[in-house]
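Trainee: Below is the structure I would like to discuss, written out as structure tokens.
The values are calculated or read from the model by the stated rules, or taken from the named source; none is laboratory data. Nothing here was measured: the structure is a model prediction, and the numbers come from that model. Glycine gets a Cβ as well: all are built from the backbone with ideal geometry, and neighbour counts include every protein chain shown. Just so you know, the surface numbers come from the protein's heavy atoms only, side chains and all, with ligands and any DNA or RNA stripped out. Shrake-Rupley method; radii C 1.70, N 1.55, O 1.52, S 1.80 Å.
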Amino acid sequence: KEIFIPSEASFDNVIDILKSQELLIDVNSFIWLAKQKNYDDNVKPGRYMIGKDLNNNDLINLLRSGRQSPINVTFNNVRTKEQLASKIASQIEADSTSIINYITDIDFLRRLNMNIDNIGCLFIPNTYEFYWNTSAEEFANRMIKEYQDFWNLDRQKKAMKLKLDYYQISILASIVEKEQNIKTDERPYIAGLYLNRLRKKMKLESDPTLIYAIGDFSINRVLNKDKRVKSPYNTYKHKGLPPGPICIPSINSIDAVLNAVDHDFIFMCAKEDFSGYHNFSKTYTQHLRYARKYQKALNKRRIMR
């Protein structure tokens with residue numbers, strides 16, 4: 001069985017945990033032996049896997065040694081830092097409040113030369129091995145190391161070629177990810193389109209940035225009224241990249257930006273066949289033709305919002 005011993009647990013707490021999991025046949029003999037082995041004054045927190053064949057002596061030796069079993073922590077499909085903190089807190093001992101407070105602390109942000117808007121760029125979605133009793137500080141420090149390892153020499157060279165810093169690449173990758181959630185093979189084409197717009201100093205005009213600005217992630221159809229929302233994330237109003245990512249971008253999306261396809265397209269619209277792919281255009285006139293087809297398809301399916 002799997003048991004979790006909190007960081008502030010007392011020996012009595014451990015007894016209660018073991019009893020609740022029906023791991024003690026004779027409680028008094030366990031307590032007597034634990035005291036003989038000084039475990040009552042040497043409780044170590046963590047996640048322990050208890051085999052059914054362990055006797056009291058084996059169990060005490062395991063708990064006293066601190067040989068806890070690690071866990072695999074994963075996070076993906078996360079939109080906000082608050083959602084990130086909640087997802088991480090569901091897997092380790094640190095609660096979501098301590099995590100969000102730590103990663104938004106001014107001293108932590110200054111240490112990384114980041115801010116409250118772009119701190120999401122620090123986190124690279126993957127599967128990481130942690131001990132359950134990891135604190136918010138330990139989690140954040142591990143993410144810093146993983147971030148530094150992720151930006152290896154190859155990715156650094158590609159970033160320099162694009163003339164974008166790592167944060168800007170992650171912000172753009174978050175837009176690419178939300179523009180293309182289904183067909184990941186299209187992401188390098190979409191990245192190339194937005195890079196073209198940035199170079200031409202055009203507004204990005206990305207619908208997912210509007211959805212993020214509004215905060216209603218159930219929206220399936222952006223309306224003209226949405227383009228009037230007052231927010232630095234409204235890329236229909238403001239040129240350049242938004243101040244932070246609109247999701248925690250995946251490795252696939254970041255690499256899509258770093259390996260963007262070189263083309264001349266500056267417009268795109270979802271295909272009217274709902275295949276998940278897009279029609280790309282070099283001119284606004286052609287883009288409008290594609291847009292009308294897609295709007296007609298939305299109306300036919302009665303997708304109004």
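Trainee: If the limit is 18 Å between Cα atoms, which of Lys183/Lys203; Lys178/Lys271; Lys81/Lys163; Lys271/Lys296; Lys81/Lys178 go over it?
Mentor: Table pairs above 18 Å Cα-Cα are Lys183/Lys203; Lys81/Lys163.
Trainee: Using all alpha carbons of the stretch 220-305, what is the percent of pairwise distances in each 10 Å bin, ordered from the shortest bin to the longest?
Mentor: Per 10 Å bin, starting at 0, the Cα pair percentages come out as 14, 33, 44, 9.
Trainee: Can you pull out the GluC sites (Glu not before Pro) in the stretch 6-96 that DSSP calls coil and that have at most 12 other Cβ atoms within 10 Å?
Mentor: Working: sites: Glu8, Glu22, Glu82, Glu93; in loops: Glu8, Glu22, Glu93.
Answer by residue number: Glu8, Glu22.
Trainee: Working from Cα positions, state the angle (0 to 90°, nearest 10) between the long axis of helix 56-65 and the longest principal axis of the chain.
Mentor: That works out to roughly 50 degrees.
Trainee: In whole percent, and with a 1.4 Å probe on the protein chains, what portion of the accessible area of the chain is carbon and sulfur?
Mentor: Roughly 46 percent, rounded to a whole number.
Trainee: Using label points projected 7 Å from each Cα along Cα→Cβ, tell me how many nm separate Val261 and Asp16, to one decimal.
Mentor: According to this spin-label approximation, the distance is 6.0 nm.
Trainee: Take Lys203 and Arg111, extend 7 Å from each Cα along the Cα→Cβ direction, and tell me the distance between the two endpoints in nm.
Mentor: Using points 7 Å along Cα→Cβ, the separation is 4.0 nm.
Trainee: Give me Rg/Rg_expected for the stretch 155-291, where Rg uses Cα atoms only and Rg_expected = 2.2 N^0.38 Å with N residues.
Mentor: Dividing the Cα Rg of the stretch 155-291 by 2.2 N^0.38 Å gives 0.98.
Trainee: Hey, rough spin-label estimate for Phe217 and His238, points 7 angstrom out along Cα→Cβ, what's it come to in nanometres?
Mentor: Result for the modelled spin labels: 2.0 nm.
Trainee: May I pose another question? Separation of the stretch 103-171 and the stretch 1-61 by C-alpha centroid, Å?
Mentor: 38 Å
Trainee: When the dipole is taken about the Cα centre of the stretch 117-244, and only Lys, Arg (+1) and Asp, Glu (-1) are charged at their Cβ, what size is it in debye, to the nearest 20?
Mentor: Approximately 1040 debye in magnitude.
Trainee: If the reach is capped at under 13 angstrom between alpha carbons, list the aspartates and glutamates near Lys145, excluding any in the same chain fewer than eight residues apart.
Mentor: Glu137
Trainee: Students often forget the sequence filter, so: which aspartates and glutamates lie under 19 Å Cα-Cα from Lys157 once same-chain residues fewer than 8 apart are removed?
Mentor: Excluding near neighbours in sequence, the set is Glu146, Asp149, Asp165, Asp255, Asp262.
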